Amino acid sequence: MTVIPDILGYKLKDAEAILKASSLEYTITESLALKHDKQKIPRIIQVRNLPGSTIELIISYF
């Protein structure tokens, strides 16, 4: 299991910088409410380990 830095609640661009500095691979999945506004700031709302050494970042817009 990959050790994941504590990035919950971070802005996506900040979380990506931390993961790249740690040489971690990741994918991004959007979780959208019925009324969402992609003009707002994407933030990490959940983080999961995927098979292998990849991390899934689940984001929403706030």
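The values are calculated or read from the model by the stated rules, or taken from the named source; none is laboratory data. What you see is a predicted model, and the numbers here were worked out from it, not measured in a lab. Virtual Cβ from ideal backbone geometry, glycine too; neighbours counted across all protein chains shown.
Every residue in region 17-39 that is at pLDDT 90 or above and part of a loop (DSSP other than H, G, I, E, B), please. The answer is S22, S23, L24, S31. Taking the conditions exactly as written (part of a loop (DSSP other than H, G, I, E, B) and either free of Cβ contacts under 8 Å to residues at least 40 places away in the same chain or not small (G, A, S) (or both)), does D14 satisfy them or not? No; evaluated as a whole, the condition is false for this residue. Scanning region 40-60 for residues that are of a type in the set (S, T, N, Q) and part of a strand (DSSP E or B) yields Q46, N49, T54, S60. If you go through region 1-11 and keep only what is over 13 Å from I59 (Cα atoms) and either part of a strand (DSSP E or B) or touching a helix residue (DSSP H, G or I) at 6+ places or on another chain (Cβ under 6 Å) (or both), you end up with just P5.
Has region 42-52 got at least one residue that is at pLDDT 95 or above, surrounded by fewer than 13 Cβ atoms within 10 Å (Cβ to Cβ) and either of a type in the set (G, A, S) or over 12 Å from the mean Cα position of the chain (by Cα) (or both)? Checked against the condition, which is being at pLDDT 95 or above, surrounded by fewer than 13 Cβ atoms within 10 Å (Cβ to Cβ) and either of a type in the set (G, A, S) or over 12 Å from the mean Cα position of the chain (by Cα) (or both), region 42-52 yields no hits at all.
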